[in-house]
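Since every read-out is calculated from the coordinates, none of them should be taken as a lab result. Here the structure is a predicted model, which means the values were calculated and not measured. Here Cβ is always computed from backbone atoms with ideal geometry, including for glycine, and neighbour counts include all displayed protein chains.
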Amino acid sequence: MISFRHVTVLPCTGADPMDDATVVVEGAVIKDVLTSARSAAGMGGEVIDCGGRTLMPGLIDAHVHVCAIKVNLSAQRREYPASLLAYAAGQMIRQALDQGFTAVRDAGGADWGMKEAVDRGLIPGPRMFVSGHPLSQSGGHGDSRSRAENYAGCGCGADIGMVSNIADGVDEVRRAVRTQLRRGADQIKVMASGGVASPTDPLESTQYQPDELSAAVAEAEAAGTYVLAHAYTPAAIRNAVEAGVRSIEHGNFLDEPTAALMAAKGAFLVPTFVTYEKLHEHGREHGLTAAQLAKLDLVLGSGLDGLRRAHSAGVRIGSGSDLLGPLARYKARELAIKASVLGAYQSLIAATRTNAELLGIGAEAGTIEAGKRADLLVIDGDPLADITLLQDPDNLVAIVKAGQFHKRQI
């Protein structure tokens, strides 16, 4: 048993912080949260005096790509065999935990084996929820072929990473979903609109027909899980939400009627603002093409307006980063960007309680409450007063995953 005493508890339930409190952890679970009016005396175990620091839930990133080792994914495919990619991905996985993210949802690329490596203790990392290979229509956001390439490729050695997974038509979509589920995907990712990194599709294109999206949702739900959809435009978002997609990724061009539809259907929005900011700053040096940079300019300035519309409509707002390669070190910058619209506390709730609800683990994680999983951060400072504190890992004096210290400097 461990008692974290003299902490300011930021519960991320929406309730106010609790000053001079004690959080008691037994095994992998929070046993109790005691206010200063209640005594922890006589409980036994180790007592850690936190000296007034902030204790909050571990962060959750609902949109990562741990197999994106380089910003330029085309160059990565030429340079990284599966064996080397797996080792490099292991470093990316550990980096996420080092930054205070105790759970992540990989939105394409990571497979069951990487999740299992963490669970078995072979590599340190956050709790992982993997999507396997995202589904794309021919010429869609997940189709890596250039206009000069007419073959799908043999896929030799390409078992992990952002591998093209082309499925056209209802029957192919059903087969592709079932294959990813058989291979251990926790949820299914589909590409429902154009994207920045893909070589041939306009950003504003609508991808997959409603019957194809409905087929993907039906197969996922039959297996007890859900679909997340890459989608930028109102038309793409509407198609996905009306088909039963649970989670809209990015959503930069979201308009008011579509935000209202999302709220009515209970869909989540997972914005990923930081990736556009950092690609704008560093994309050219990492080999992004002129066409990719032009598409990036279209999404760069539009997302915050979409977030405001979603927030006003009552959409459940999660948090993702979508950062590639060396840019992944900027994960916590996403929280500050969202805070410019939501405020600091709601931005932190998006990356804790709401993301836990999205991942289906809201009953066991995402807040500081008795009975919840002991995924904890102890922070040197007050993130409500300065949310940028979370961007410097040195300010994280303790990182606890399921009751075990990953980092301890107190």
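Miscellaneous remarks
- Under the Karplus curve 6.51 cos²θ - 1.76 cosθ + 1.60, θ = phi - 60°, whole-Hz ³J(HN,Hα) for the stretch 306-317, x wherever Gly or Pro sits: x, 5, 4, 5, 4, 4, 5, 7, x, 5, 6, 10
- With both residues required to sit in the chain, DSSP beta bridges show an antiparallel share near 45%.
- Over 20 Å between alpha carbons, listed pairs K115/K401; K70/K278; K338/K401; K115/K189; K278/K331: K338/K401
- Exposure proxy order (Cβ contacts within 10 Å, fewest to most) of R94, R105: R94, R105
- Cβ-to-Cβ counts within 10 Å put L261, L323 in ascending order as L261, L323, the fewest first.
- Its relative contact order, with pairs defined as Cα atoms under 8 Å and 6+ residues apart, puts the chain at 20 percent.
- The calculated FRET efficiency for the pair T289 and Q209, based on their C-beta separation and a Förster distance of 25 Å, comes to about 0.30.
- Cα-based Rg of the stretch 276-410 normalised by 2.2 N^0.38 Å, two decimals: 1.18
- Protection proxy ranking of 52-60, 25-33 - average other beta-carbon atoms within 10 Å, highest first: 52-60, 25-33
- The Cα center of the stretch 60-121 and the Cα center of the stretch 371-407 differ in position by 22 Å.
- Euclidean distance between Cα centres, the stretch 330-347 to the stretch 188-237, Å: 26 Å
- Only Lys, Arg (+1) and Asp, Glu (-1) charged, at Cβ; the chain dipole about Cα centre in debye: 500 debye
- Across every pair of non-identical alpha carbons in the chain, the mean reciprocal distance, once inverted, gives a Kirkwood radius of 21.5 Å.
- Label-point separation in nm, D394 to E79, each point 7 Å along Cα→Cβ: 2.9 nm
- Against the chain, whose longest principal axis is taken from its Cα atoms, helix 256-265 shows a tilt of about 70°.
- In the stretch 218-304, trypsin sites (Lys or Arg not before Pro) in a DSSP loop with at most 12 other beta-carbon atoms within 10 Å: none
- On Cα atoms only, tilt of 290-300 relative to the major axis of the chain in degrees: 50 degrees
- Residues T354, T179, T102 arranged by fewest to most Cβ contacts within 10 Å: T179, T354, T102
- Helix 273-282 vs. the chain, principal-axis angle (Cα, 0 to 90°, nearest 10): 70 degrees
- Proximal aspartates and glutamates relative to K31, as straight alpha-carbon distance under 19 Å, when same-chain residues fewer than 8 apart are discounted: D19, D20, E46, D49, E364, E369, D375
- Take each peptide in 187-199, 72-84, count the other Cβ atoms within 10 Å of every residue, and average; sorted highest first, the result is 187-199, 72-84.
- Computed FRET value (nearest 0.05) for A223 with E256, which takes r as the C-beta separation and R₀ as 35 Å: 0.55
- Model label points for T179 and D382, set 7 angstrom from Cα along the Cα-to-Cβ axis, are 5.4 nm apart.
- When only Cα pairs below 8 angstrom with a gap of at least 6 residues are kept, the stretch 170-252 shows a relative contact order of 31 percent.
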